[in-house]
Amino acid sequence: MKRQTGGKKFFGKAMLAAAAFVGLLAFAGTPSALADDHHGCQRRIAKADHRLHEAVEHHGWESKQADRARHQLREAREHCWNESHRWWDEDAHRWHTERDWDDHDHDRH
């Protein structure tokens with residue numbers, strides 16, 4: 001009868017433990033990544049919204065700076081919509097799950 005050496009047994013257990021650890025890390029990191037993505041979208045839209053308010057305050061509603069800021073806000077909303085089918089409404093402080101933004105929502109006071 002041939003006896004199995006301890007080295008092969010140890011290697012097998014180590015590989016199993018490593019695979020389990022990698023699987024745990026993969027599942028544990030997913031919700032955090034999704035939360036970071038939503039937070040990133042929220043932050044991106046909030047910054048674009050702020051830039052629009054600043055452009056309007058400093059240059060007026062019809063200025064090229066305000067037009068550029070409106071375009072950037074629209075792009076930020078589109079990006080978030082394309083990534084997660086939701087977008088952040090900075091003025092109402094809530095998420096929308098419909099693509100119902102108005103590109104000229106800041107034109108009215």
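The number of residues in region 54-78 being at pLDDT 95 or above and open to solvent by 30 Å² or more (accessible area, probe 1.4 Å) comes to 13.
The residue pairs whose first member lies in region 79-95 and is at positive phi and in a loop (DSSP other than H, G, I, E, B), whose second member is crowded, with 16+ Cβ neighbours inside 10 Å and modelled with pLDDT of 95 or more, and whose beta carbons are closer than 6 Å, counting only pairs six or more residues apart or on different chains, do not exist in this structure. So, in region 31-53, of the ones that are among the small types (G, A, S) and at pLDDT 95 or above, which residue ends up most open to solvent (accessible area, probe 1.4 Å)? Among residues in region 31-53 that are among the small types (G, A, S) and at pLDDT 95 or above, the one most open to solvent (accessible area, probe 1.4 Å) is A46.
Based on this model, can you work out whether E83 counts as touching a helix residue (DSSP H, G or I) at 6+ places or on another chain (Cβ under 9 Å), open to solvent by 30 Å² or more (accessible area, probe 1.4 Å) and under 14 Å from C41 (Cβ atoms)?
Numbers: touching a helix residue (DSSP H, G or I) at 6+ places or on another chain (Cβ under 9 Å): yes; open to solvent by 30 Å² or more (accessible area, probe 1.4 Å): yes; under 14 Å from C41 (Cβ atoms): yes.
Yes; evaluated as a whole, the condition is true for this residue.
The values are calculated or read from the model by the stated rules, or taken from the named source; none is laboratory data. Quantities reported herein were computed from a predicted structural model and do not represent experimental measurements. Note that each Cβ is placed from the backbone with ideal geometry, even for glycine, and that neighbours are counted across all protein chains shown. Protein only, heavy atoms only, side chains kept; ligands, DNA and RNA dropped before computing areas. Shrake-Rupley method; radii C 1.70, N 1.55, O 1.52, S 1.80 Å.
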